[in-house]
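Q: I have a structure I would like to understand better, so I am pasting it below and will then ask my questions one at a time.
Rule-based calculations on the coordinates, nothing more; no lab input. If you're wondering where the values come from, they're calculated on a predicted model, not measured in any experiment. Quick reminder, even Gly has a Cβ in these numbers, built from the backbone with ideal geometry, and neighbours come from all protein chains shown.
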Amino acid sequence: MLRTQTHHGDYLCIECGKGFTQPSHLRTHMRSHTGERPFQCRYCPYSASQKGNLKTHVQCVHRVPFDNRQYPDRRFQQPLYNYSNAPMEEQLENILAIHLVPGATVL
């Protein structure tokens, strides 16, 4: 079944238009587009986009308890820009600035 409504929530993904009600959910989702994997295993080269995936990896592969204190909590980072409430021109300018498109202008 295809989902027809892409905008659900106040925080919109600039890549695919998916909406989220929490900025933290948008930050997590953005990693699927950027490929960012900020949670690094202390025992091998594995890294994960979500802390829960790293926890599963550490417990299953290395067979050691997961010590949450060894992996810093990043919940208090600056929230991403809320695009849904801004005028379209401002949204486009911010997208261009984020992606560093040299010389690009909004018509």
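Q: Once the piece of chain linking GLU15 and ARG37 is laid out straight, how much longer is it, given 0.36 nm per residue of separation minus the C-alpha distance between them?
A: 6.1 nm
Q: If I take R0 = 25 Å and measure r between the Cβ atoms of TYR46 and HIS25 in this structure, what FRET efficiency does the formula 1/(1 + (r/R0)^6) give, to the nearest 0.05?
A: With R0 = 25 Å, the Cβ-Cβ based efficiency is 0.60.
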